[in-house]
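Below is one structure; the comments refer to it alone.
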Amino acid sequence: MNNKICIVYTHHKLGDLIWQLPYIKAISEHHKIEVDLVLREKTQAKNILKDLKHINNIHYNNFRKGIYYWIDVWKLIKIFKQNNYSHVYILDKVNKPALAAKLSGVKNIIGPGIGNQKKYLTTNITLSDNDWKLSYSEQSQKLLELHNIKLNNQYPQIEVNIKRFNENNSDLLVGGKKIAFGVDSFEDYKMWYEEDFVKLADLLYEKNLFDYIYLICGPDKSYIAKKIIEISERNYFIDCSQKDLTGVITAIKNSIFFVGNNSGPLNLSAALDVKSFGLIANDAISELKYSKIKFITPEGYQDNTWIRDRKNMKSLTPEKVFDTLIEKMDNNESV
């Protein structure tokens with residue numbers, strides 16, 4: 001029987017999915033075939049991953065809890081049976097896809113096997129329960145290593161034909177030099193302050209480094225973009241808070257560089273091969289070591305330190321960010 005591969009990843013954050021892209025590609029290269037994915041609909045993966053040649057088809061499942069648990073298990077069983085997969089790889093420790101694959105009769109069910117998941121796998125080659133302490137990237141790296149799957153490139157990469165997005169995002173296609181600010185985060189303590197983004201914009205504008213700035217944030221944090229525009233009273237900001245990921249990608253790909261908080265758009269920008277600078281003061285840059293992101297940190301910053309207080313983001317000043325950006329660009333340093 002010819003192999004047919006499905007890879008399941010259940011996390012809903014865009015950044016988490018982006019971190020898994022190298023391992024998805026490695027599994028595809030190992031089996032020498034395109035792979036199918038099962039992901040959460042919230043990732044908008046059908047839009048952003050459509051142009052990746054090693055991905056064949058993408059199915060959505062929302063991996064809910066409570067009364068919806070068995071509804072989603074049944075949806076997974078339906079996907080697995082209709083496609084007659086020979087292998088199902090699970091890139092996290094969730095039980096649901098492993099159980100559904102078992103009930104579907106999949107011959108090869110491979111996953112980390114941390115906790116109860118190991119009961120539903122078809123292999124005894126698993127991570128140890130202590131490996132839950134590893135980052136998601138490190139868990140996937142170890143899983144591939146245990147199964148002799150070679151990882152040729154550890155950095156996330158997304159190839160996308162943005163011409164597909166132009167019609168629905170024509171309002172973003174303005175002339176002149178553009179840069180992008182990523183101004184929100186799922187965790188508020190990671191967010192730089194609005195007035196500091198305004199000051200940074202002023203400093204960059206004095207250097208004639210842009211004509212327009214895209215403000216990248218989700219609709220639930222649209223007040224951040226509005227506050228930046230209100231404080232600044234400048235007309236060079238373009239509010240992207242109501243855009244879906246096709247709009248976000250359009251803005252990022254039309255930017256000279258991206259500066260932003262440690263969140264999904266920062267990881268997306270780096271994966272899209274746009275020069276990307278991360279504003280880090282309250283979390284660990286070591287977690288992002290498998291990335292092309294260039295980090296900007298305050299004086300005296302210590303890695304592997306987590307500070308759950310947004311006020312500490314004030315330790316990273318607009319002047320420090322500006323000076324670092326100018327230094328990198330003057331040295332023509334790649335990201």
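One residue stands out in segment 107-124 among those that are out of contact with any Asp or Glu (no Cβ under 7 Å at 6 or more places or on another chain) and assigned to a helix (DSSP H, G or I): the one that is least open to solvent (accessible area, probe 1.4 Å), namely GLN117. Could you give every pair whose Cβ atoms fall below 6 Å, whose first residue belongs to segment 55-66 and is more than 10 Å from ALA45 (Cβ to Cβ), and whose second residue is assigned to a loop (DSSP other than H, G, I, E, B), counting only separations of at least 6 or pairs across chains? Close Cβ pairs (under 6 Å, with a partner that is assigned to a loop (DSSP other than H, G, I, E, B)) amount to ASN56/GLU34; ASN62/ARG40; PHE63/THR10.
For segment 162-201, the candidate set comprises residues that are open to solvent by 70 Å² or more (accessible area, probe 1.4 Å) and among the polar types (S, T, N, Q); within that set, the residue that is farthest from the chain's Cα centre (by Cα) is SER170. Every condition in (1) surrounded by fewer than 15 Cβ atoms within 10 Å (Cβ to Cβ); (2) in contact (Cβ under 8 Å) with a residue 40 or more places away in the chain; (3) more than 25 Å from SER137 (Cβ to Cβ); (4) not aliphatic (A, V, I, L, M) is met by ARG308 except one, and the failing one is (3).
Within segment 247-328, considering only strands (runs of 3 or more DSSP E) that don't extend past its boundaries, which have at least 1 residues that are out of contact with any Cys (no Cβ under 7 Å at 6 or more places or on another chain) and either of a type in the set (Lys, Arg) or farther than 19 Å from CYS217 by Cα (or both)?
Those strands (runs of 3 or more DSSP E) span 275-279, 294-296.
Might you check whether a residue that is free of Cβ contacts under 8 Å to residues at least 40 places away in the same chain and not in a loop (DSSP other than H, G, I, E, B) occurs anywhere in segment 159-169? Within segment 159-169, one or more residues are free of Cβ contacts under 8 Å to residues at least 40 places away in the same chain and not in a loop (DSSP other than H, G, I, E, B).
In the list TYR60, TYR69, TYR85, TYR89, which residue meets the criterion of being open to solvent by 20 Å² or more (accessible area, probe 1.4 Å), farther than 23 Å from THR246 by Cα, out of contact with any Phe, Trp or Tyr (no Cβ under 8 Å at 6 or more places or on another chain) and of a type in the set (Ser, Thr, Tyr)? Break it down into steps so the answer makes sense when it comes.
Values: TYR60 fails: farther than 23 Å from THR246 by Cα; TYR85 fails: open to solvent by 20 Å² or more (accessible area, probe 1.4 Å); TYR89 fails: open to solvent by 20 Å² or more (accessible area, probe 1.4 Å).
Exactly one residue qualifies, and that residue is TYR69.
Of the residues making up segment 221-244, those that are more than 17 Å from TYR193 (Cα to Cα) and open to solvent by 60 Å² or more (accessible area, probe 1.4 Å) number 4.
The values are calculated or read from the model by the stated rules, or taken from the named source; none is laboratory data. Because the structure is a prediction, the values reported are computed rather than measured. Glycine also receives a Cβ, built like all others from the backbone with ideal geometry; neighbour counts cover every protein chain displayed. These accessible areas exclude ligands, DNA and RNA; they are computed on the full protein's heavy atoms, side chains included. Shrake-Rupley method; radii C 1.70, N 1.55, O 1.52, S 1.80 Å.
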